[in-house]
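The next block holds one structure in the form of structure tokens; read it before the comments.
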Amino acid sequence: MSTPADHQPSKELPKTAAVPRPSASVLLISPTNQILLLHRVSKASSFASAHVFPGGALSKTHDGEIPDVNHPARHQDGPAYRMAAVRETFEESGILLAKSNKTGKLFTEISDEEREEGRRAVHSGTIRFTELLEKWGATPDTESLIPYTRWITPPNVPKRFSTQMYMYFLPLGSVSPTKHAAPRGAPPSSGLQEEDEIVIPNPTHDGGIEHTAARFLPPNKWIDLARQNRIILFPPQFFLTLMLAPYLSSTVTSPSSPTPAISDLQIEREKLLDFLSKPRTYDGEAEVSFVEACISPIVVGKGEYGDKSQDGVGGVDKYTAVLVLDKPGKEVEEQGQGRRGIREWVVTTKFKGEGPRDVDVRRREEVLGKVGQERGRTSGKL
């Protein structure tokens, strides 16, 4: 995972932009079509109190050959990105996206103790991830990962990433072996005390705790909590979660809401996949699908990413940043493959000391209108 410093732009544009580091992240969907987010501890040195998807940088040791910096596959879905997505999800949440070599189903043939020992061993580098899976008789389920946009950090941020986002659906009707009842002592202000959670063991890296827990909630619930500023979602997490909200668990609005039937859950998934993959148009022009979209956000106006003062573009107040999502980033543009971001929406947010607040997504024309939509300059994102 990245740190807050990774999201802070340089005071001056660097003469040479940092090379985006390949990384992968997973939007993990539960058997009841809820989404997993990891909650950072309040005193963590990175992303304090924020909610994030599991994910992290690719590792040549664990994930295989990583495409060279100038290779076209550097910013495309590929084997190393998929292996990293499976490995990072396992390291950070304890959920192993793998199939049993015996049954062909989701691998659950180890004890909690074995699973936690394996997480520590992979994270410390004492065993390769592929060797651990072979030892357990499991095969990483990379084929079930569904590409769901790529995000590239713009050049004025010191540490840059080229992050392939994926979606993974846990089998309908299954129950994670790490599922526990939510603690009754959870703070009432969190709005989460009645929900189920997956408890994350104390990690050993950095000498301390990184996450307090991993929790499944309906996408609409995560968005509600973020809009109320009761949790922190950074713009990519907010945008991608919001896109799921009309499709997955949209009728589940409280702990007392009935869980949809399996047949209804399957229909939800089918409608979402159709929305993500089908051709779309915006303002009379073809729009790229979410599967193919490559996004390097741009701040419109004079304000930089992270600046408290902005231009008030489109009528928003001077403390609100407007991020457009239609550009793929310089590195991808130079490859000449015609990749694009998404034009239809913009992200608005206010940057505070603790992270982005008042994050929301609006249709582009509502903020920028039909004229001057291409104004802006690249600033630090992600």
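Each reported figure results from applying straightforward, stated rules to the coordinates on display, with no laboratory input. All figures in this text were calculated on a predicted structure; none of them were measured in a lab. Neighbour counts run over all protein chains shown; Cβ positions are idealised from the backbone, glycine included.
Among residues other than Pro328 with Cβ under 11 Å from its Cβ, the summed charge is 0 (Lys and Arg +1, Asp and Glu -1). What the Cα convex hull of the stretch 91-140 gives, in volume per residue, is 64 Å³. Segment Ala286..Val69, full-extension length gain: 75.2 nm, with 0.36 nm per residue of separation and the alpha-carbon distance subtracted.
Remark: the stretch 244-256, residue by residue, has Karplus-estimated 3J(HN,Hα) of 7, 4, x, 10, 9, 6, 5, 8, 8, 10, 7, x, 8 Hz, where x stands for each Gly or Pro and the curve is 6.51 cos²θ - 1.76 cosθ + 1.60 at θ = phi - 60°.
Shape descriptor for the stretch 241-373: Rg over Rh equals 1.04 (Cα atoms; Rh from the Kirkwood inverse mean 1/r). Within 14 Å, Cβ to Cβ, of Tyr168, how many net charges do the neighbouring residues add up to if Lys/Arg are +1 and Asp/Glu are -1? The answer is -1. Between the amide H of Arg280 and those of Glu287, distances stay under 5 Å, these residues lying 5 or more places away or on another chain, with hydrogens modeled in the peptide plane.
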